[in-house]
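Here the structure comes first, spelled out in structure tokens, and everything after it is commentary.
Just so it is clear, none of the values below were taken in a lab; they were calculated from the coordinates. The model shown is predicted, which means the values in this text are computed figures rather than measured ones. Note that we place each Cβ from the backbone using ideal geometry, even for glycine, and neighbour counts take in every protein chain shown.
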Amino acid sequence: MDFTKVQRELERRGYRVTVCPDAASAAAYLNAEIDGTSVGFGGSVTLRELGLIESLGAHNEVVSHWDVPEGRTTEEVRHDAMRCEAYLTSANGLAETGEIINIDGTGNRVAATLYGHERVFFVIGRNKLAPTYDEALWRARNVAAPKNAQRLARRTPCAIRADRCYDCRSPERICHGLVVLWEAMKGSRTEVVLVDADLGY
């Protein structure tokens, strides 16, 4: 896939951008780039598919609420991740025009991309890319969100019917907040790692 346009737009908006030809090279790059530090993880199928919790955990202090140590709670681990020097996550949609879109239920993942970390990494597979902002937003709501609701075994219309967002009022709804990054936030070094592979939802 040609990432030339989106790379140019992201760099224009203040992001550092790295393009990787496949999943293995993305994992290798991140393991070389992040070393000897504390790393918080947002809930991300993409990061799981790259095996980053395990590989980065071999030479960093890794904090992930998908891997809660005995005696701790999920919420405690989420708070610990917010205090790490680096933070890794993905995106639900990325527009070729440079907007990064995420939908969240608890808010820890999107909050961590906005403030508090020295470095933030978005690891984004080619399947998340859409030509325009409107199409990236549509993708986040109608592709990523239903698949995540299914993964979490939620009883929502989107998970049951597996076709689109119903803007439901279900008590099991996972879409509570939408964050759109128009530019890299001030105060952090934010990098987008584009991967020429289908990763996550």
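Rounding to the nearest 20 debye, state how big the charge dipole of the stretch 4-195 is about its Cα centre with +1 on each Lys and Arg Cβ and -1 on each Asp and Glu Cβ. Don't skip to the end; give the middle numbers.
Details: 25 positive and 25 negative charges, 148 e Å.
Its charge dipole is roughly 700 debye.
What number, in nm² with one decimal, is the all-direction average of the projected area of the convex hull of the alpha-carbon atoms of the chain?
Details: hull surface 42.6 nm².
Directional mean of the projected Cα hull area for the chain stands at 10.6 nm².
Limiting things to C-alpha atoms, what are the Rg and the maximum Cα-Cα separation (Dmax) for the stretch 32-115, in angstroms?
Every Cα atom of the stretch 32-115 included, Rg and Dmax give 12.9, 45 Å.
Tell me which residues come under 5 Å, amide H to amide H, from residue 166 once H is placed; ignore anything under 5 positions away on its chain.
Counting only residues 5 or more places away or on other chains, the set is 158.
Residue by residue through the stretch 196-201, which ³J(HN,Hα) values in whole Hz follow from phi under the Karplus form 6.51 cos²θ - 1.76 cosθ + 1.60 (θ = phi - 60°), with glycine and proline marked x?
7, 7, 7, 9, x, 9
Grab the DSSP H runs of the chain that are 4 residues or longer, score each as -39,500 (n - 2.57), total them, divide by all residues and round the 222 nm result to the nearest 500 deg cm²/dmol.
Numbers: 9 runs with 64 residues, N = 201.
It comes out at -8000 deg cm²/dmol, rounded to the nearest 500.
What's the center-to-center distance, using Cα atoms, between the stretch 3-30 and the stretch 109-140 in Å?
The stretch 3-30 and the stretch 109-140 have Cα centres separated by 12 Å.
List the lysines whose alpha-carbon lies under 18 Å from that of residue 147, not counting same-chain residues fewer than 8 positions away?
Those lysines meeting the cut-off are 128.
So what's the projected area for the stretch 105-201, the Cα convex hull averaged over all directions, in nm²? Each step should come with its number before you reach the end.
Working: hull surface 26.6 nm².
So the Cα hull casts an average projection of 6.7 nm².
Computed FRET efficiency, Cβ-Cβ of residue 134 and residue 22, R0 30 Å: what is it to the nearest 0.05?
E(calc), rounded to 0.05, equals 0.55.
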